[in-house]
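Structure first, commentary second.
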Amino acid sequence: MKEFVNSGALFANTVKTNPKAPDYQGDVLVDLKVLGVGEGKHTLKLAGWKKTSVKGTSFLSLSVSLKEDKPAQKAPEVEDDPF
């Protein structure tokens with residue numbers, strides 16, 4: 001799949017496990033060098049919630065965080081039987 005630097009997408013969250021879960025979620029690939037704030041490319045996790053302002057205007061509230069790969073589950077360590 002082709003990388004689109006400094007862009008991303010939000011998709012509707014169809015599996016909300018609790019009421020505070022985001023309505024939308026997705027990723028954005030950011031090249032820090034292009035933005036002039038560092039080096040390297042990083043994938044950021046996006047989350048969005050549909051909200052309404054006190055004046056009645058609909059908007060999307062966003063959260064951005066580092067996307068961390070889930071660590072591989074380690075097999076339980078088996079102690080050697082001394083007998």
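Between F4 and D31, the simple label model (points 7 Å from Cα in the Cβ direction) yields a spacing of 1.5 nm. If r is the Cβ-Cβ distance from S63 to E39 and R0 is 25 Å, what FRET efficiency results, to the nearest 0.05? Approximately 0.50, to the nearest 0.05. Using only Cα atoms, what Kirkwood radius does region 4-75 have, in angstroms? Computed over Cα pairs of region 4-75, the Kirkwood hydrodynamic radius comes out at 14.2 Å.
Bear in mind these aren't lab numbers, they're just calculated from the coordinates by the rules spelled out. On a predicted model such as this, the values are computed, not experimentally measured, just so you know. Reconstructed Cβ throughout: ideal geometry from the backbone, glycine too, with neighbour counts over all protein chains shown.
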